[in-house]
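**Q** Handing you a structure now.
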Amino acid sequence: MTQNLKTFFIRTYGCQMNELDSEIMAGQLIKKGLTPVYDEEKADLIIFNTCSIRDLAERKVMGKLGIMGRGGKKNVVIGVTGCMAMAKKNALLEKFPHLDFVIGTNNITDLSHVIDEVIETKQQILKTDNQFEENLDYLATQRLNKVKAHVSIIRGCNKFCTYCIVPYTRGNEISRPPDSIVEECRSLVDRGYKEITLLGQNVNSYGKDQPEWNCLFHDLLYRLNAIQGLERIRFMTSHPVDITIELMHAIRDLPSICEFVHFPMQAGSNPILKKMHRIYTIEEYFEKVAMLREIVPNVSLGTDIIVGFPTETDAQFEETYEAMKKIRFSLAFIFAYSPRKGTPAKRWKDDVPESVKEERLQRLLDLQTQITNAELQQMLGQSFEVLVEKFNKDGRLLKGRTRCWKKIIFEGPESCIGTLQQIRVHSFSHQTMLGTLA
Ligand code: 5AD
Ligand code: SF4
């Protein structure tokens with residue numbers, strides 16, 4: 001094994017929270033004197049920051065770890081972090097003898113020590129005691145994007161939806177002190193960042209675990225909105241039950257808060273919502289949407305939907321279809337139900353055949369495409385404020401997003417990157433709008 005690690009490579013699977021954790025880990029490794037490389041073959045240390053949300057996410061990593069083990073132990077340190085570390089713990093080390101360490105989602109502060117221990121003892125190390133400590137050096141976070149940044153405000157989830165592994169892999173909700181968040185956001189703005197997305201499994205729970213702070217989610221938004229030079233604030237994800245009227249007022253009143261709310265509905269049928277332990281009825285969900293639209297008329301909504309949850313009948317699926325038709329989300333992530341070990345739903349028979357799940361998934365995808373296309377059609381000819389992020393994949397056109405999260409590409413000088421521009425939209429293709437500098 002390499003005694004003197006010089007380079008590292010982190011492969012990230014899953015959600016934005018994982019991407020951010022990878023950036024935080026990269027920051028720690030750089031502080032330790034290692035250099036990031038973007039070719040796995042050139043790395044002395046490889047970390048797989050993993051996801052357990054659906055079976056496919058786990059299978060990808062298991063396949064990859066299996067391939068890496070062929071031909072025995074190589075001259076490289078290999079670690080697994082993230083949700084699979086928590087879901088599988090020691091079983092990973094047993095199954096893959098070439099794996100050097102497994103670190104849980106709430107132990108990323110221990111990364112540096114664990115690597116030292118691996119090198120010193122040449123033993124496999126497991127660190128998943130799940131005690132998140134607020135001593136992370138957030139300011140060292142190594143971000144590739146220079147215009148927008150993710151900032152963690154609350155870790156974990158206390159909701160325990162019956163299908164979801166997250167409360168087990170990421171633990172209880174722990175809010176981050178507001179001063180620490182404000183300090184990080186200020187420092188990002190000083191370094192030229194224009195947009196910050198606040199991350200948490202349920203950002204709307206922010207501050208509830210620490211009543212003495214007297215700072216709930218909307219209070220935090222007022223503090224962040226006061227940062228000069230911070231043009232845009234986004235946040236995700238919001239549990240419908242915890243969206244308050246104060247938050248809606250904050251979205252309406254604070255100029256930097258973007259008018260886009262990711263607001264997972266999950267299903268449109270009450271018996272299914274109940275079995276999912278979503279703790280709202282579809283009528284209550286509709287009411288929240290109506291209230292939000294009344295207070296913030298130009299708000300766009302995003303959602304997550306699961307099809308084929310145990311016992312979901314055709315008629316119950318139709319209720320989800322109708323609910324989506326009624327609400328007309330701007331953006332929908334649609335998933336086929338995947339049983340997760342350790343969750344309550346795993347005890348129920350996964351009784352909707354895969355072919356039926358696929359069919360339902362496709363119907364919702366088609367519906368969403370129609371809705372999005374109609375929305376884009378309406379935007380033609382109008383101008384929108386776009387934060388210009390970078391060159392598009394083609395390397396020629398610039399790419400940015402509107403406040404309501406629509407992607408726009410247009411021709412312009414490189415100097416536009418990092419600025420807000422008015423772009424007039426003339427056409428669209430595959431959910432991307434094409435426009436010109438207005
Ligand atoms: N199967 C399918 N989708 C799931 N999600 C969470 N757990 C599962 C599961 N077991 C979806 C939910 C959640 C999103 C992040 O992933 O819709 O909001
Ligand atoms: Fe999972 Fe539900 Fe928590 Fe979201 S709110 S992370 S779906 S348990």
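The values are calculated or read from the model by the stated rules, or taken from the named source; none is laboratory data. Since the model is a prediction, treat every value here as computed from it, not as a measurement. Cβ sites come from the backbone with ideal geometry, for glycine too, and all protein chains shown count toward neighbours.
**Q** Could you check how many residues of region 226-243 are under 22 Å from the mean Cα position of the chain (by Cα) and more than 16 Å from ligand 2 (Cβ to nearest atom)? First the steps, then the outcome.
**A** Keep residues of region 226-243 that are under 22 Å from the mean Cα position of the chain (by Cα), which gives 230-243.
Next, from what is left, pick out any that are more than 16 Å from ligand 2 (Cβ to nearest atom): 230-234.
Result for region 226-243: 5.
**Q** Let me ask something else. Could you check region 303-336 and list, in sequence order, the residues that are within 15 Å of ligand 2 (Cβ to nearest atom), crowded, with 21+ Cβ neighbours inside 10 Å and aromatic (Phe, Trp, Tyr)?
**A** Residue satisfying the conditions is 309 alone.
**Q** Would you point out the residue of region 337-361, among those that are among the hydroxyl-bearing types (Ser, Thr, Tyr) and within 16 Å of ligand 2 (Cβ to nearest atom), that is surrounded by the most Cβ atoms within 10 Å (Cβ to Cβ)? Working first, answer last.
**A** Step one: of region 337-361, the residues among the hydroxyl-bearing types (Ser, Thr, Tyr) are 337-338, 343, 355.
From what is left, the residues that are within 16 Å of ligand 2 (Cβ to nearest atom) are 337-338, 343.
Values: 337: 21, 338: 18, 343: 18.
If we take residues in region 337-361 being among the hydroxyl-bearing types (Ser, Thr, Tyr) and within 16 Å of ligand 2 (Cβ to nearest atom), then 337 is surrounded by the most Cβ atoms within 10 Å (Cβ to Cβ).
**Q** Same structure, new question: Given the residues 56, 92, which is the only one that is of a type outside the set (Phe, Trp, Tyr) and in contact with a strand residue (DSSP E or B) (Cβ under 8 Å, 6 or more places away or on another chain)? Break it down into steps so the answer makes sense when it comes.
**A** On the way: 56 fails: in contact with a strand residue (DSSP E or B) (Cβ under 8 Å, 6 or more places away or on another chain).
Result of the check over 56, 92: 92.
**Q** What number goes with the only condition from (1) closer than 30 Å to residue 180 by Cα; (2) among the β-branched types (Val, Ile, Thr); (3) surrounded by fewer than 13 Cβ atoms within 10 Å (Cβ to Cβ) that residue 50 does not pass?
**A** Status for residue 50: all satisfied but (3).
**Q** Tally the residues that are buried (at least 18 other Cβ atoms within 10 Å of the Cβ), part of a loop (DSSP other than H, G, I, E, B) and either small (Gly, Ala, Ser) or at positive phi (or both), restricting the search to region 195-218.
**A** 2
**Q** Any residue in region 269-284 that is touching an Asp or Glu at 6+ places or on another chain (Cβ under 6 Å), closer than 27 Å to residue 319 by Cα and more than 16 Å from ligand 2 (Cβ to nearest atom)? Can you show your working first?
**A** If we filter region 269-284 for residues that are touching an Asp or Glu at 6+ places or on another chain (Cβ under 6 Å), which is where we start, we get 269, 272.
Now narrow it down to the ones that are closer than 27 Å to residue 319 by Cα: 269, 272.
Going one step further and asking which of them are more than 16 Å from ligand 2 (Cβ to nearest atom), we end up with 269.
Yes: one or more hits.
**Q** Just to be sure, is residue 167 without any contact (Cβ under 8 Å) to a residue 60 or more places away in the chain, within 16 Å of ligand 1 (Cβ to nearest atom) and either under 30 Å from residue 255 (Cβ atoms) or not hydrophobic (A, V, I, L, M, F, W, C) (or both)?
**A** Details: without any contact (Cβ under 8 Å) to a residue 60 or more places away in the chain: yes; within 16 Å of ligand 1 (Cβ to nearest atom): yes; either under 30 Å from residue 255 (Cβ atoms) or not hydrophobic (A, V, I, L, M, F, W, C) (or both): yes.
So residue 167 fits the description; yes.
**Q** Now for a different question. With the checklist (1) of a type in the set (Asp, Glu); (2) in contact with a helix residue (DSSP H, G or I) (Cβ under 8 Å, 6 or more places away or on another chain); (3) crowded, with 21+ Cβ neighbours inside 10 Å in hand, flag the one item residue 246 doesn't pass.
**A** (3)
**Q** Considering only residues that are polar (S, T, N, Q) and either within 19 Å of residue 14 (Cβ to Cβ) or touching a strand residue (DSSP E or B) at 6+ places or on another chain (Cβ under 6 Å) (or both), look in region 143-194 and name the one that is surrounded by the most Cβ atoms within 10 Å (Cβ to Cβ).
**A** Among those residues, the one meeting the criterion is 169.
**Q** Follow-up. Here is a list of conditions, (1) farther than 23 Å from residue 109 by Cβ; (2) assigned to a helix (DSSP H, G or I); (3) within 19 Å of the chain's Cα centre (by Cα), and residue 19 meets all of them except one; can you say which number that is?
**A** Every condition holds for residue 19 apart from (1).
**Q** Could you name every one of the helices (runs of 4 or more DSSP H) located completely within region 38-140 that has at least 1 residues being at pLDDT below 90 and out of contact with any helix residue (DSSP H, G or I) (no Cβ under 8 Å at 6 or more places or on another chain)? Walk me through how you get there before you give the answer.
**A** Details: elements: 55-69, 83-88, 90-95, 111-121.
Counting at least 1 such residues, we get 55-69.
**Q** Quick check: is even one residue across region 323-331 more than 23 Å from residue 234 (Cβ to Cβ) and at pLDDT below 95?
**A** Just the residues of region 323-331 that are more than 23 Å from residue 234 (Cβ to Cβ), to begin with: 323, 325-326.
Those still in the list that are at pLDDT below 95 too: none.
Within region 323-331, none of the residues are more than 23 Å from residue 234 (Cβ to Cβ) and at pLDDT below 95.
**Q** Only one of 33, 66, 82 is surrounded by fewer than 22 Cβ atoms within 10 Å (Cβ to Cβ) and on the phi > 0 side of the Ramachandran plot; which?
**A** Numbers: 66 fails: on the phi > 0 side of the Ramachandran plot; 82 fails: surrounded by fewer than 22 Cβ atoms within 10 Å (Cβ to Cβ).
Among 33, 66, 82, only 33 is surrounded by fewer than 22 Cβ atoms within 10 Å (Cβ to Cβ) and on the phi > 0 side of the Ramachandran plot.
**Q** Exactly one of (1) within 15 Å of ligand 1 (Cβ to nearest atom); (2) more than 20 Å from residue 110 (Cβ to Cβ) is unmet by residue 173. Its number?
**A** Among (1) within 15 Å of ligand 1 (Cβ to nearest atom); (2) more than 20 Å from residue 110 (Cβ to Cβ), the lone unmet condition for residue 173 is (1).
**Q** Going through region 246-268 one residue at a time, which ones are under 28 Å from residue 319 (Cα atoms) and modelled with pLDDT of 95 or more?
**A** Residues satisfying the conditions are 248, 259, 260, 261, 262, 264, 265, 266, 267, 268.
**Q** A follow-up question, please. Among the residues of region 379-438 satisfying the criterion of being within 18 Å of residue 195 (Cα to Cα) and among the acidic types (Asp, Glu), which is surrounded by the most Cβ atoms within 10 Å (Cβ to Cβ)?
**A** Among them, the one singled out is 389.
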